[in-house]
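Report on the following structure.
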Amino acid sequence: MNNKTISKFLSLILRHAPETINLQLDKNGWADVDELLSKAAQHKQPFTAEELEEVVETNDKQRFAFNADHTKIRASQGHSVDINLDLLPQQPPEFLFHGTVARFLDGIKKEGLQKMSRQHLHLSHDRETAVKVGSRRGSPVILNIRSGQMHRDGFLFYLSDNGVWLTDNVPSKYID
Ligand code: HQG
């Protein structure tokens with residue numbers, strides 16, 4: 001397997017479907033490295049510890065991370081499986097942005113922004129990124145979130161390793 005194939009395989013196993021090779025992730029998303037190597041080989045996807053080290057080190061988006069002694073590995077974000085990344089709460093900027101589309105605005109006005117099927121609600125630090133997120137669904141509508149005020153009011157914010165701001169929900173009174 002070349003580096004790209006290994007990286008794609010790791011995304012599948014560590015973010016979405018560890019059961020494909022009968023692997024268990026712990027509650028924080030970590031997999032045992034020896035178990036990953038042996039189960040991948042059993043399922044005809046063999047790669048060595050050295051190749052794994054190289055993929056983690058050279059990955060363009062730094063998608064994966066080892067623990068301190070390199071006995072465990074996990075994806076840094078992007079999970080569909082229910083794990084807790086254990087990120088520490090951070091102070092957000094005064095304003096964050098959320099890109100959505102007009103057909104969701106009634107619901108958002110009524111219930112605020114909800115995380116829907118994901119583990120967190122995703123917010124962007126700049127308008128440009130929010131425009132890209134909203135454009136996935138049609139003509140983008142950009143909402144300004146008063147994240148500084150939310151933080152002062154006790155709401156928790158987290159910053160993913162790839163720069164996405166995460167929170168649980170945004171009540172409509174904080175949306176401009
Ligand atoms: C909307 C991609 C009605 C919300 C992107 C959004 C992002 C409501 C949709 C990441 C609502 C949920 C996340 C309410 C929220 N009533 N609609 N009360 N509250 N909504 O995909 O933010 O490629 O779960 O506005 O780049 O669009 O996957 O969230 O439109 O960072 O890595 O419900 O996904 O990254 O949709 O996208 P999503 P999102 P990846």
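Of the residues N59, N67, which single one is assigned by the TED database to the domain that holds L25, within 16 Å of the ligand (Cβ to nearest atom) and not charged (D, E, K, R)? Show your work before the answer.
On the way: N67 fails: within 16 Å of the ligand (Cβ to nearest atom).
Every option except N59 fails the conditions.
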Cβ contacts < 6 Å: first residue in the same structural domain as P140 (by the TED database), restricted to the range 102-115; second residue at pLDDT 95 or above and part of a helix (DSSP H, G or I), any location; separation 6+ or different chain. Result?
K109/S172; G112/S172
Subset of the range 104-120 (residues that are crowded, with 17+ Cβ neighbours inside 10 Å and more than 7 Å from the ligand (Cβ to nearest atom))
H120
Can you pull out every residue in the range 121-135 that is touching a residue at least 12 places away in the same chain (Cβ under 8 Å), surrounded by fewer than 18 Cβ atoms within 10 Å (Cβ to Cβ) and not polar (S, T, N, Q)?
H125, D126, R127, V131, K132
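Can you confirm whether the range 2-9 contains a residue that is of a type in the set (D, E, K, R), under 19 Å from S76 (Cα atoms) and touching a residue at least 40 places away in the same chain (Cβ under 8 Å)?
Among the residues of the range 2-9, not one is of a type in the set (D, E, K, R), under 19 Å from S76 (Cα atoms) and touching a residue at least 40 places away in the same chain (Cβ under 8 Å), which makes the answer no.
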Taking the range 123-174 and keeping only residues that are modelled with pLDDT of 95 or more, among the aliphatic types (A, V, I, L, M) and either away from the ligand (no atom under 12 Å from the Cβ) or not assigned by the TED database to the domain that holds L105 (or both), one is left with M150, L156
Just wondering, is there one or more residues in the range 84-91 that are surrounded by 14 or more Cβ atoms within 10 Å (Cβ to Cβ), touching a helix residue (DSSP H, G or I) at 6+ places or on another chain (Cβ under 7 Å) and touching a residue at least 12 places away in the same chain (Cβ under 8 Å)?
no
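Every residue in the range 110-122 that is among the small types (G, A, S) and modelled with pLDDT under 85, please.
Answer for the range 110-122, where residues must be among the small types (G, A, S) and modelled with pLDDT under 85: just S117.
The values are calculated or read from the model by the stated rules, or taken from the named source; none is laboratory data. Bear in mind the structure is a predicted one, so any value in this text is a computation, not a measurement. Every residue, glycine as well, gets a Cβ built from its backbone with ideal geometry; the counts of neighbours run over all protein chains shown.
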